Amino acid sequence: MELQLHRGRPSQSEGRDARELKTYDLLDRLGISFERVDHEAAFTMEACQAIDAVLYPAVICKNLFLCNRQKTDFYLLMIRDDKKFLTKEISGQIQSSRLSFAPEEYLKSLLNLEPGSVSVLGLMNDVEGKVKLLVDEDVLKAEYFGCHPCVNTSSIRVKTSDIFQTFLQHIGHGYRTVVLSG
């Protein structure tokens with residue numbers, strides 16, 4: 001199947017996950033335009049390479065759902081796909097030791113997401129503000145970035161400023177910029 005870029009939401013919602021449709025509804029309400037590519041489920045960065053080519057020039061992000069050892073502090077880390085996650089580098093910047101990947105049940109309960117579909121857009125489900133958003137400074141420098149619309153069978157290209165100004169402001173979520181060496 002050849003991957004194709006489409007403007008905005010799909011014309012038909014039949015067979016689409018409710019989380020995906022809720023994401024499109026919010027983006028539409030906020031006047032945030034985006035382009036979309038539908039694809040087979042993408043669980044790894046390697047599987048995303050063909051998708052990334054369609055979304056170019058968007059910066060493709062790894063979205064990592066992390067927590068501290070006590071599982072009392074939760075973080076969503078957005079980093080460029082060409083950078084490595086180094087716990088020590090992040091821990092020092094946010095004064096939280098022993099960061100690790102958060103268990104799946106927290107991903108579901110806090111962001112209503114499944115593994116492989118983690119995205120900044122999932123923060124719309126964090127109504128209690130329990131998840132802190134950490135963003136690699138290089139993501140913020142890009143005009144566009146790509147992410148999942150809360151499911152891993154579609155990906156979107158959206159203006160970075162639309163997400164970090166309009167979207168996050170609307171849902172009442174801030175973010176902290178972090179510096180990753182790459």
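Just so it is clear, none of the values below were taken in a lab; they were calculated from the coordinates. Since this is a predicted model, take the numbers as computed values, not measurements. A quick note on method: Cβ atoms are made from the backbone with ideal geometry, for glycine too, and the neighbour counts reach across all protein chains shown.
Assuming R0 = 30 Å, can you tell me the calculated FRET efficiency for the pair Glu2 and Arg69, based on Cβ-Cβ distance, to the nearest 0.05?
Values: r = 46 Å, r/R0 = 1.52.
Efficiency, from the Cβ-Cβ distance: 0.05.
Think of the chain as a dipole: +1 on every Lys or Arg Cβ, -1 on every Asp or Glu Cβ, centred on the Cα centre; then among Gly31, Thr153, His6, Gly31 lies furthest on the positive end.
Per residue of the chain, the DSSP helices (runs of n ≥ 4 H) give a summed -39500 (n - 2.57) that works out to -6000 deg cm²/dmol at 222 nm.
Stretched out straight at 0.36 nm per residue, the stretch from Gln165 to Glu128 would grow longer than its current Cα-Cα span by 11.4 nm. Labels on offer are (1) 50, 15, 12; (2) 25, 18, 16; (3) 30, 18, 14, and the one holding semi-axes √(5λ) of the Cα gyration tensor in Å computed from this structure is (2).
Over the chain, what is the mean sequence separation of C-alpha contacts under 8 Å (at least six apart), divided by residue count, expressed as relative contact order in percent? The value is 27 percent. Overall, the anisotropy analysis places segment 12-75 in the oblate class: the square-rooted eigenvalues a ≥ b ≥ c of its C-alpha gyration tensor yield a/c not less than 1.5, with a/b not exceeding b/c. Listed cross-link partners Lys83/Lys159; Lys88/Lys159; Lys108/Lys141; Lys71/Lys159; Lys22/Lys84; Lys62/Lys108 are compared with a 28 Å cut-off, the Cα-Cα value being larger for Lys88/Lys159; Lys108/Lys141; Lys71/Lys159; Lys22/Lys84.
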